[in-house]
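Data block below; observations after.
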There are 2 protein chains.
Amino acid sequence: MPDAVLADRFRFVLVRTSHPGNIGSAARAIRTMGFARLVLVAPQRYPHDDVTAMAAGADDVLSRIVVVPDLASAIADCRLVLGATARQRNVALTEHTPRQAAPVALDAAKADGEVAFVFGNERTGLENDELALCHGAVHIPAAPDFSSLNLAQAVQLLAYEARMALLDNPVAPPPKKSDPPADAAAMEGFFAHLAATLDDIEFHKGRSPQTILLRLRKLFLRAQPDERELRVLRGILSDAQRMAKLAKER
Amino acid sequence: MPDAVLADRFRFVLVRTSHPGNIGSAARAIRTMGFARLVLVAPQRYPHDDVTAMAAGADDVLSRIVVVPDLASAIADCRLVLGATARQRNVALTEHTPRQAAPVALDAAKADGEVAFVFGNERTGLENDELALCHGAVHIPAAPDFSSLNLAQAVQLLAYEARMALLDNPVAPPPKKSDPPADAAAMEGFFAHLAATLDDIEFHKGRSPQTILLRLRKLFLRAQPDERELRVLRGILSDAQRMAKLAKER
């Protein structure tokens, strides 16, 4: 199933939002994470120029915004409804972190279900009768002494976790590979070249070559250079040897 | 080691920020995630009323803000410097997602190191010479066709991942110790010495010094040499330079 189809089963529901700028910022936030559906429940000021300004070009999200009078209307067709709560409350809801919530939401979406993340008013959050419509709570594990995230920031975090869950999905492209480390024989060739060069440039001067070479081995083995990096390093050694040879021909 | 001690080893560096409101929003964002240190590199407008307004009470973060003229000053004492990049660029830096970056950063903090997350200007991001000062890149896996997060949102995501890593590690195990890696200033000193030596031994010969130097930076940053290893490497460079000087005196 393509990611875009799954992503389109997610909606972000903003309830009684006070500041239109936050609606625009939320539109931008979900757009950056590959989502497109914003539902506004009784927004206090909408439409408003600040929505467009803060959306920063997320026009496809703005054009699909749906406005409804109450939360029940926003989520009627949803299989899973998760409400964001700033504080742990004594509500009889299963509470997830965003990281725990994302795979739960993805599973619902994969099973052909519609999924809603619900966010309350900036100052007052979700009311208890609104939380009662949710199937679970999402609590961002913020610092206990300063736990109030900006609304659009909370939307960003949940959208991010949902995107991470989607990208972990088997349909995600394989991660791009860097070059593999050089093999042991190539590393030994480099170390022999390094030892010869240290002799040529008269590096040791009374110090123990063995100790220094062991230290350098440890350093370069830790770096795990690839073949191309070894070629660069050996090029440097060769030029240092060439200079040493010229110096000694004086 | 208490979490608060670890958290205080993290700094969030905002480079050439245009909008003071974003500085305030970033202060609030890191505060909600338990962090407190914001460093401003050449902010375009600061101080400004919007900073306070958007910080929404994160006064302890605002009171600790440090302003410096350039990125090098902001990170000189850091063991790990990770730069946020909106797009995948052809920079020779190891690239992490925020989720991959967080445990790497936490390990550095546990090993007594200072850690910096660096964020560029809202419109232009980090310049290449600024990225060159970073030890790794953090790329938020945003939607490829709309990848530009608001600055404070990007700060929020990285702070969130760092907090999640901290919460997964409530009590740090004692770091098993070899010597700690050299700090950023020492690494830059080594890279300058390396660049000078390559010139002296006439290494480049028509090849691009920039490409080679970026490749070598990546290799040596990966190895995380300690101070003593750097002294050995710089001793080798000095002897190669001495040979080159003798060769040219012929």
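Quick notes on this one:
- If you bin all the Cα-Cα distances of the stretch A:59-118 at 5 Å, starting from zero, the percentages per bin are 4, 14, 21, 22, 22, 12, 3, 1.
- For residue B:203, the amide hydrogen comes within under 5 Å of no other amide hydrogen, counting only partners 5 or more places away or on other chains and with H modelled in the peptide plane.
- For residue B:14, solvent-accessible area (1.4 Å; no DNA, RNA or ligand), Å²: 0 Å²
- Within the stretch B:204-248, backbone nitrogen closer than 12 Å to the virtual label 7 Å beyond the Cα of residue A:205 toward Cβ: B:235-243
- D_trans [Stokes-Einstein, Kirkwood Rh over alpha-carbon pairs] for the stretch B:43-160, 37 °C, 0.692 mPa s, µm² s⁻¹: 214 µm²/s
- Per residue, the convex hull spanned by the Cα atoms of the stretch A:184-250 measures out at 72 cubic angstrom.
- Cα-based helix-to-principal-axis angle, B:184-200 vs chain B, degrees rounded to 10: 30 degrees
- The stretch A:107-250: radius of gyration and largest Cα-Cα distance (Dmax), Å: 29.7, 92
- Applying Stokes-Einstein at 37 °C and 0.692 mPa s to the Kirkwood radius of chain A, computed over alpha-carbon pairs, gives a translational diffusion coefficient of 148 µm² s⁻¹.
- Chain B: relative contact order as a whole-number percent, Cα under 8 Å and 6+ apart: 22 percent
- Amide proton proximity set for residue B:136, modelled H, under 5 Å, gap of 5+: B:81, B:83
- Amide N proximity, the stretch B:54-79 versus residue B:129 label position 7 Å along Cα-to-Cβ, cut-off under 13 Å: B:70-73
- Per-residue mean of foreign Cβ neighbours for B:55-63 is 1 (Cβ atoms of other chains, 10 Å radius).
- Label point 7 Å beyond Cα along the C-beta direction, distances from residue A:191 to other copies (nm, shortest first): 2.9
- Label point of residue A:70 (7 Å along Cα→beta-carbon): distances to the other copies' equivalent points are 6.3 nm, sorted ascending.
- When you count the other C-beta atoms within 10 angstrom of each residue and take the mean per peptide, B:16-29, B:195-208, A:189-202 line up highest first as B:16-29, A:189-202, B:195-208.
- Rg over Rh for the protein assembly as shown works out to 1.06, both radii taken from alpha-carbon positions and Rh defined as the Kirkwood radius.
- The Cα atoms of the stretch A:4-99 define a convex hull whose projected area, averaged across directions, is 6.9 nm².
- In degrees, nearest ten, helix B:209-223 long axis to first principal axis of chain B (Cα): 70 degrees
- For the residue pairs B:218/B:248; A:205/B:245; A:218/A:248; B:205/B:248, the C-alpha atoms sit more than 27 angstrom apart in B:218/B:248; A:218/A:248.
The values are calculated or read from the model by the stated rules, or taken from the named source; none is laboratory data. Computed from a prediction, not measured in an experiment: that's the story for all the values here. All Cβ positions, even for glycine, are placed from backbone atoms using ideal geometry, and neighbour counts span all protein chains on display. Please note that ligands, DNA and RNA were not included when accessible areas were found on the heavy atoms of the full protein model with its side chains. Shrake-Rupley method; radii C 1.70, N 1.55, O 1.52, S 1.80 Å.
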